[in-house]
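Notes for the one structure printed next.
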């Protein structure tokens, strides 16, 4: 056995705490260690070259790198071994940064001793390492995109343009998402509809995109390259093959419901197309409100439909799709301020609205035809107050994080009030104005220059006085409480993960952060990959972001999908569980603990003509190498490759030494 | 239901009608109040303003006495409630503090009792229980329910939502009154300042009276002797200093509830307030 | 002001945090406390400025301000603070610190100080509050003997004034509580 050990300083991250030369000295004396050296940045090209040269010079057959977490650079160093002709799995890492230097900064002597222990452990394990070999599995070159907002559409179009098939599933009757509800977008003030509606048409038209609206994903099985997806097409109660989209049904429907698209400021019918530019531009029946379904009476739409498309008996349909990759683009919802902010009236005052409601009102397509009006009486509000950070940066009532988009859209809305209502007064309460984006600071300054009065402070209470609202806030720059009589108050409410995100995370087996947004695997280097291979993240389902960032994120997710498809096959990770069928008793306790549904029972012929017996078998495509089965197996039949019982015992005895 | 009763220092003086009406109305509702023998002052704002430890210890002695009775404690006064409940909360949350305070009071408090505001006690009886005993519904009476600070803040001891509480509204509605939505039900009346800097409290009292008047209320109902004294007695002063003309009777919720339960107004102390209550009481009869 | 001058910033923050059970360094100065404070109109320093002075270690300024005495303990600031800081508890702690450090309250703040002192003396003496005696004594000491005399008269007419107080048998116990608390607090921390 000829083991080479390489200790990294990681600049001062490790070297500033751990006495690296001392570690080198101690490790050099360990049995089996043929050479030991250190370097400032072992992951850099000169560092890698040092390892390559040592492998050749000392004819090394095992390599130990003591540096940062293997999550960060295990792959980097495996490539170094491969380039030197060694099996890449003959590498063992000792994490002396996160597990040592960073957490023991105050105790350098103890940190050095611990670093030596950690390396000794790695050397002991390295002595027991065996070469492992990857396998190639073919990839289904077809992608599923969940969510038809701007992120999902971007990802779908990018993948489709690269020549691959896409299934796009949207839960609402139309694609378009939140962006289709907006009026103008910052910082260019171009109209959202002018950008999004052509994209919606392009998605619908694209021959490579199969569009499923009013549908939801109910199961995600399989593994990277080979997913089996179950989709529920919710009953629309309208046969889209027959429907011409003439609109007579909506016109005649006697049942009026608050419009989700207009955020409760306008109405729609029980049979409806969400908005005139909807894609597809055909109606669905909202069975929760339709009189036919709630009271068993009515039937007007069926009677008036000239093409006989209305079908009350239609049922939900489940069907399967096979795809190689999944993009989650389920977007955001607005924080429900009406449950949290009693001081702003819990939603009891009609003239306190959200930024999204303001967008609908301000939109030519909206309930007021683009006029800014008081919802209470339709009057023109001459005093408009905007309140930022409602639910954001509020760990007591809302979310601790900053929602990132509110500063800019508030500045935009403030400008729009000043443009649309001559002589209007606009006050914006803010804590900080965060304008980190191209042309964003300029945009905010422009709103100020046009007359928006920014007041640094939060609002403590809003209450009605006659037909006005009294807004009690503070000007912290002045050091005084301030009061403003307002006709309309617009709340910039926080962005929260889109409804159904938690359920989808469960189906897809992807992890979420503490606020419920999908968790990327690495915040800087792998921002669009989820914790499950082959499942990618696009847009604000991963964290609050604006439209430009969302589109960039979605494009990145599409590139990852295309890269997977272009390769055509995936190289499986050989660190998977292996079952020794001779020892397996078929109890299947392993199957119960496997979080990846990778264990299946299998019948094998028993020896000597006895009846068949059951054993467990691991699907190596699904296995993620967590080791739960191995630890559970009572008969010791399961070994995790690269973490065999023998290897782990060697590590433990080295540590106890 | 039996409860250890903590009357509070105002029970024989400024808050007499609250004590009277709470005992009488409580009796009608099947609540049996057993006064804690030998209770001491909770320290009120003077206590916690001077020393948190002192405030906790003064309250803790009463908690320990109630605990020995084997009963939950109820206090009519919102200030007493808040002090006692906060002390209980702090003592339960911090074992070290509990040991220290037990040494200071000479009584061992284990934490095996609850502190309940009388408002919450009555509300928890439920609408049906109360409605079944209402004999004289308060028809034609529009009330603005005023909670002030101490029942709804801070979060650890709030009896109801701090911005839009509904307990008193529910009780008053069951008693037959019309309850109004209004803006100042949990605004501070400034009573702790009124005792030493009364002119500072006047704008606060005025704001509450104005909001209640704007809502169209015939009267204010409250659940605190300090708020009551401040809103009732100082109304005249507000009128004099600020040139207003408020004539808004202020009642304890137990008084109006008592009327609905058929108790005689005189026994409930309904005519002992500063602002004339007769015109409003005529609305009911 | 020169922020590089020597100060006991860490000590002041630690002391306030320890006394109040809060973390004042969490405050990001949004001003919601100031916006909701019903008595801020009479304050010399806004509630958020009080916290700011602690954050900067300015002990003398914060302990000598009037606001800490005029705070009505209504806890609106506490209820609405987005950073979960119980500012009312911080105000309590500051009053206690000012008292222990001998920083005299002035003007209207002094009235509060006097009132509280009288109030507690009554409790120490009788176990319960003797309203009449407390008010009269406060009036005399604050130099306005006839303050709210009409209230006394009106209460007298309505039989709401008592010329004695029901002494509790545990009065000695209550007095002991005062003494023991004073003994504990004589060792409480200070910052220079």
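Rule-based calculations on the coordinates, nothing more; no lab input. These numbers were taken from a predicted model, which means no experiment stands behind them. Every residue, glycine among them, receives a Cβ derived from its backbone with ideal geometry; neighbour counts consider all protein chains shown.
A few remarks follow.
- Label-to-label distance, nm, for residues given as residue A:499 and residue A:133 (7 Å Cα→Cβ offset): 5.3
- Three-way shape label, segment B:37-134, alpha-carbon gyration tensor, a/c 1.5: prolate
- With a simple spin-label model that places each label point 7 Å from the Cα along the Cα-to-Cβ direction, the separation between residue A:578 and residue A:44 comes to 3.9 nm.
- The order of A:462, A:571, A:137, A:159, going from fewest to most other C-beta atoms within 10 Å of their C-beta, is A:571, A:137, A:462, A:159.
- Placing a label point 7 Å from the Cα of residue A:208 along the Cα-to-Cβ direction, the residues of segment A:299-322 with a backbone N closer than 18 Å are A:322.
- Relative contact order of chain A: 13 percent, from C-alpha pairs under 8 Å at least 6 residues apart in sequence.
- Taking Cα atoms only, the orientation of helix A:547-567 departs from the longest principal axis of chain A by about 40 degrees.
- Compared with the dominant Cα axis of chain A, that is its longest principal axis, helix A:45-57 is turned about 20°.
- For chain A: rounded, prolate or oblate by the Cα gyration tensor [a/c cutoff 1.5]: oblate
- Candidates B:209, B:63, B:71: whichever shows maximal mean-square fluctuation once chain B is modelled as a Gaussian network with Cα springs under 10 Å: B:71
- Estimated FRET transfer efficiency when R0 is 30 angstrom, pair residue C:101-residue A:448 (beta carbons, to 0.05): 0.10
- Springs between Cα atoms under 10 Å define the GNM used for chain B, and in it the highest mean-square fluctuation of B:231, B:31, B:119 occurs at B:31.
- Between 0 and 90 degrees, the angle of helix A:150-161 with respect to the longest Cα principal axis of chain A falls at about 60 degrees.
- Between C:159, C:109, C:96, the Gaussian network model of chain C with springs among Cα atoms under 10 angstrom shows the greatest mean-square fluctuation at C:159.
- Cα-projected label distance for residue A:98 with residue A:467, points at 7 Å along beta-carbon direction, nm: 6.2
- Going by neighbour counts of Cβ atoms within 10 Å, the residues A:102, B:39 line up, fewest first, as A:102, B:39.
- Here the gap between residue A:652 and residue A:588, fully extended at 0.36 nm per residue and compared with their Cα-Cα distance, gives a gain of 20.2 nm.
- Alpha-carbon centroids, segment A:153-193 and segment A:37-92: separation in whole Å: 44
- Centre-to-centre separation between the Cα atoms of segment B:106-160 and those of segment C:41-113: 31 Å.
- Diffusion coefficient, µm² s⁻¹, Stokes-Einstein with Kirkwood Rh over alpha-carbon pairs of segment C:1-74 at 25 °C and 0.890 mPa s: 190
- Distance from segment A:436-510 to segment A:602-654 (C-alpha centre basis), Å: 57
- Förster-model FRET efficiency, 60 Å R0, residue A:439 and residue B:89, C-beta, rounded to 0.05: 0.70
- Sorting C:86, A:336 by the number of Cβ atoms found within 10 Å of their own Cβ, with the fewest placed first, yields A:336, C:86.
- Förster radius 51 Å - calculated FRET efficiency between residue A:511 and residue B:135 (Cβ-Cβ, nearest 0.05): 0.25
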